[in-house]
Amino acid sequence: MINAPSPIFSSPLYLSGASISDFGELWDRSLESLIEHVIEESLRTAQLEKKDIDAVVVANMSAGQFEGQSHLGALVSSMFPQFPPAIRVEGACASGGLALLTAEQYILSGTYQRVLVIGAEKMTDVSAQETTDILAGASHVIEESLATFPALYALLAKEHMREYGTTRENLVSIAVKNHHHAMNNPHAQFHKEITIEDVLKSPMVADPLRLLDCSPISDGASAVVISSDSHRAQARIAGFGHAQDSLTLAGRSSLTSFEATSRATKQALSRTEAKIAEFDAYELHDCFTIAEIFAIEDIGLCKKGASQAYIENHSDKLNKSGGLKGCGHPVGATGVKQVAFLAQQIELGIIERGFAQNIGGAGATAVVHCVEPAKVNENKGIVKNTRIKKSEKK
């Protein structure tokens, strides 16, 4: 039995200095240079110096295999004059979310006051086959020997189609929508609209998933400072949740939902006093189009099988960054990017509340974050946005 989390944690978790590099096939950039870039940019934005950072948490899945560079904690610590304590956190594609959780626990425990969280991955320096083999390590070794990740998600898609009548058009709408949103994100890997016909004519990868149903192989990095003080705070973490499920699909109680997402969402919402429908933006883990359908349903935005109607009515709220599909998916960076993007959107006054769902593997790990403006209403413990929205500026 999982212990129920306390409704509200007392110590604030402020976000400042959110930084996102360009995502894409960055042939001229090394993993180290991407990390250095987001360190410098995040500290510049937060108006902090390197000496102000107490500790660093680095999210990365497989730098040892992609780049031959393990021991990232020491590598990143060496970029600071004081050599702060630094660790690498790995949880497959949920590495970023877990790194944020690690930093949050540092802050809540009183161990450190300011922690820099970095997510980074350099994936394009090896062949496509090598990348496939490396990413397969996020599944169980038995399933890894039988199927690739696109094949595992294709199996999940077929089961959802069988049970709820989900169609190819439902999947296609996810890809088209997220590429459309990516057009407004200067850091996104893709700045090109795609059509329903484009998706349906793209090469088959694993039936029913085609190439344009799949997130790309990407390079990129992201960073954010989490602290107990509100210096230059762009936003704050108002709630978080973390849950696990069987690593193998064979061990799951359901193949039409990710139960870890549902449990993590309940944890996060219990800490915020917010309801799931009250968020203005949802950054969801759309590694494949079917994964966003799972996410919409699993976090409770609609009943199972009813995601298409929700998407049609609320498309502007779903993966405003372009998601993994349009923005790109450097696996270690994604979870940090989601929260950094929401913090930036809040600072600009574009949204009031943001929700991020980051998963590892085929839903074996789930991390959820609720992000809100930095100013707290002390009477209710609820965040209120006092920033002036762009439309209100004279």
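Read-outs: derived from the displayed coordinates by stated rules, not from any lab. Everything quoted here is computed from the prediction, not taken from an experiment. Note that we place each Cβ from the backbone using ideal geometry, even for glycine, and neighbour counts take in every protein chain shown.
Each residue, Glu25 and Ser202, gets one label point 7 Å from its Cα in the Cβ direction; the gap between the two is 1.5 nm. The Cβ shell under 10 Å around Met79 holds other residues with a net charge of -2, Lys and Arg each +1, Asp and Glu each -1. May I ask for the distance between the Cα centers of the stretch 209-273 and the stretch 64-80, given as a whole number of Å? After rounding, the separation between the Cα centres reads 24 Å. Distance distribution P(r), the stretch 48-107, all Cα-Cα pairs, bin width 10 angstrom from 0: 24, 49, 26, 1 percent.
Using 0.36 nm per residue and subtracting the Cα-Cα separation, the extra length available between Glu278 and His314 on full extension is 11.7 nm. Under 5 Å between amide hydrogens, built in the peptide plane, is the criterion, and for Val89 it picks out Val58, Ala59, Asn60 among residues at least 5 positions away or on other chains.
A Förster radius of 51 Å, combined with the Cβ-Cβ distance separating Glu159 from Lys375, puts the computed FRET efficiency at roughly 0.70.
Across the stretch 191-206, rounded Karplus estimates of 3J(HN,Hα) from the backbone phi angles (6.51 cos²θ - 1.76 cosθ + 1.60, θ = phi - 60°) give 10, 8, 5, 10, 10, 4, 5, 4, 5, 5, 9, 5, x, 6, 9, 7 Hz, Gly and Pro being marked x.
Backbone N atoms of the stretch 99-132 closer than 16 Å to the 7 Å Cα→Cβ label point of Leu211 belong to residues 128-129.
Okay, helix-only estimate at 222 nm for the chain: each DSSP H run of n ≥ 4 adds -39500 (n - 2.57), divide by all residues, round to 500 deg cm²/dmol; what do you get? All intermediate terms of the calculation are to be shown ahead of the outcome.
Details: 14 runs with 142 residues, N = 394.
Per the formula, -10500 deg cm²/dmol.
A simple rule links phi to the HN-Hα coupling: the Karplus curve 6.51 cos²θ - 1.76 cosθ + 1.60 with θ = phi - 60°, which for the stretch 73-89 gives x, 5, 4, 6, 4, 5, 7, 10, x, 9, 6, x, x, 8, 9, 9, 10 Hz, with x for Gly and Pro.
Label sites at Ala250 and Glu193, each approximated as a point 7 angstrom past Cα along Cα to Cβ, lie 4.7 nm apart.
Please find the FRET efficiency linking Asp133 to Gln105, where r is the Cβ-Cβ separation and R0 is fixed at 41 Å, and quote it to the nearest 0.05. After rounding, the FRET efficiency stands at 0.80. Note on the stretch 223-359: Lys pairs 8 or more places apart or on different chains, Cα atoms under 21 Å apart, count 14. Normalised Debye scattering of the stretch 299-366 at q = 0.21, 0.23, 0.29 Å⁻¹ gives log10 I(q)/I(0) of -1.08, -1.21, -1.31, counting only Cα atoms as equal scatterers and leaving out solvent. Counting only Cα atoms, the stretch 113-153 measures 46, 23, 16 Å along its principal axes, largest extent leading. Taking every DSSP beta bridge that has both ends in the chain, the antiparallel portion is near 75%. Give the separation of the Cα centroids, the stretch 304-318 to the stretch 9-61, in Å. Centre-to-centre distance over Cα atoms comes out at 33 Å.
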